[in-house]
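Asker: First the structure, which I've put down as structure tokens, then a few questions once you've had a look.
Read-outs throughout are calculated quantities, based only on the coordinates presented, and are distinct from any laboratory measurement. Since this is a predicted model, take the numbers as computed values, not measurements. Here the Cβ positions follow ideal geometry from the backbone for every residue, glycine too, while neighbour counts run over all protein chains shown.
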């Protein structure tokens with residue numbers, strides 16, 4: 001009898017609420033059309049702002065098929081992914097030993113810098129109950145057909161190829177879920193999470209699977225913030241940029257709809273606020289790097305981003 005594939009399951013603690021003013025924004029980004037996205041003006045906009053939102057690039061049916069896979073994954077006893085995270089509110093329904101909890105770890109790359117505790121099996125509760133608290137799923141490309149097709153959609157890869165400036169390689173896939181009243185992902189830079197040299201271009205691709213708004217946790221970007229290079233990260237509500245270090249000027253909200261795509265530089269500060277609605281907010285995110293990029297060790301990354309403040313305070 002073949003053994004079930006193992007899965008890494010993370011149980012997060014509850015995290016404090018954020019100050020609503022932390023996601024006050026100067027403007028809403030209107031995006032560019034799919035037709036304009038491949039032109040020089042769009043490329044210049046990406047280089048200047050650090051992100052580019054493209055409207056209507058994908059088939060809505062294709063996006064919704066991928067969402068259906070994720071919804072099934074959240075309910076499955078053997079989900080087609082490698083890792084799954086649950087929000088702290090699930091703890092109200094579990095008998096977890098708080099002595100097993102660990103603090104946020106910014107030193108270990110590739111595991112999501114989780115806090116709380118880890119297991120190798122899903123919680124023994126009703127699947128519909130645990131699905132209400134899913135926050136993140138990772139490692140589903142080549143396991144879930146519709147999600148795999150989405151990651152390899154030719155129109156997307158053509159844009160990524162131009163932005164990376166070399167043959168791109170997909171090196172991370174995840175679904176970022178905000179359940180009803182789901183938690184914030186604080187301001188951070190994605191490059192801080194990856195053991196890649198600072199001069200390696202990283203392109204993030206964020207795809208909503210329905211309407212995303214400031215009310216349910218759309219992306220917020222610090223326009224032009226990538227030009228300042230690495231920012232020190234602290235262990236607070238997550239492994240994050242200190243709230244007081246997030247510039248008030250340049251904050252941009254990026255509402256989107258199914259079929260839209262957001263492309264962004266690995267060094268741009270960004271975050272998503274609490275979902276203030278009673279509905280799920282579904283999105284997937286893929287990260288690309290040059291296929292020729294070599295990995296560096298944790299020490300190189302933490303020399304730039306710090307593991308806990310790097311001798312400064314928050």
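Asker: Which shape class, rounded, prolate or oblate, goes with segment 121-207 when its Cα gyration tensor gives a ≥ b ≥ c as root eigenvalues, a/c under 1.5 marks rounded, and past that a/b bigger than b/c marks prolate? Don't skip to the answer; put the middle values down first.
Answerer: On the way: a/c = 2.44, a/b = 1.65, b/c = 1.48.
It is prolate, given that a/c is not under 1.5 and a/b is the larger ratio.
Asker: Further question on the same structure: Let's test this: bin the Cα-Cα distances of segment 222-314 at 5 Å from zero up to the farthest pair and state each bin's percent.
Answerer: For segment 222-314, the pair-distance distribution reads 2, 9, 17, 20, 21, 16, 10, 4, 1.
Asker: Once you order the gyration tensor axes a ≥ b ≥ c over the Cα atoms, which shape class does segment 31-105 get: rounded for a/c under 1.5, otherwise prolate or oblate by comparing a/b with b/c? Mind dumping the intermediate values first?
Answerer: Values: a/c = 4.19, a/b = 1.91, b/c = 2.19.
Oblate shape, in that a/c is at least 1.5 and b/c is the bigger or equal ratio.
Asker: Return the distance in nm (one decimal) between the two label points of a simple spin-label model at residue 76 and residue 129, each offset 7 Å from Cα along Cα→Cβ.
Answerer: 2.3 nm
Asker: Continuing with the same structure: How big is the antiparallel share of DSSP beta bridges in the chain, given as a percent to the nearest 5? Don't jump to the answer; show the numbers that get you there.
Answerer: Values: 48 of 56 bridges.
Of the beta bridges lying entirely in the chain, close to 85 percent run antiparallel.
Asker: For the chain, what does the helix formula give at 222 nm: sum of -39500 (n - 2.57) over DSSP H segments with n ≥ 4, over the residue count, nearest 500 deg cm²/dmol? Write out the running numbers ahead of the final one.
Answerer: On the way: 6 runs with 57 residues, N = 314.
Roughly -5000 deg cm²/dmol at 222 nm, from the helical runs in the chain.
Asker: Kindly rank 65-76, 291-302 from highest to lowest mean number of other beta carbons found within 10 Å of each residue. Display every interim value, and only then the final one.
Answerer: Details: 65-76: 18.8, 291-302: 13.9.
Listed from highest to lowest mean packing, they are 65-76, 291-302.
Asker: A further question on this structure: Rounded to the nearest Å, what's the spacing between the alpha carbon centres of segment 215-253 and segment 15-44? Just the number, please.
Answerer: Segment 215-253 and segment 15-44 have Cα centres separated by 13 Å.
Asker: Find how much the distance from residue 167 to residue 311 grows on full extension, using 0.36 nm per residue of separation minus their present alpha carbon separation; answer in nm with one decimal.
Answerer: Values: separation 144, 0.36 × 144 = 51.84 nm, distance 3.80 nm.
Fully extending the segment from residue 167 to residue 311 adds 48.0 nm.
Asker: Which of rounded, prolate, oblate describes segment 226-268, given a ≥ b ≥ c as roots of the alpha-carbon gyration tensor eigenvalues and a/c under 1.5 marking rounded, otherwise prolate only if a/b is larger than b/c? Show your work: numbers first, answer last.
Answerer: Numbers: a/c = 1.93, a/b = 1.77, b/c = 1.09.
Verdict is prolate for segment 226-268.
Asker: Based on alpha-carbon atoms only, what is the radius of gyration of the chain relative to the globular estimate 2.2 N^0.38 Å? Let's see the in-between values first.
Answerer: Numbers: Rg = 18.5 Å, N = 314, 2.2 N^0.38 = 19.6 Å.
After normalising by residue count via 2.2 N^0.38 Å, the value is 0.95.
Asker: How would 233, 93, 188 line up from fewest to most surrounding beta-carbon atoms within 10 angstrom? If you can, show how the numbers build up before the last one.
Answerer: Numbers: 233 30, 93 15, 188 20.
If I rank by nearby Cβ atoms, fewest first, I get 93, 188, 233.
Asker: At a 10 Å Cβ-Cβ cut-off, how would you order 243, 311, fewest neighbours first?
Answerer: On the way: 243 17, 311 7.
Ascending Cβ contact count within 10 Å gives the list 311, 243.
Asker: So, one more: Over segment 8-305, what relative contact order in percent results from Cα pairs under 8 Å that are six or more residues apart?
Answerer: Values: 661 pairs, mean separation 85.7, N = 298.
Relative contact order of segment 8-305: 29 percent.
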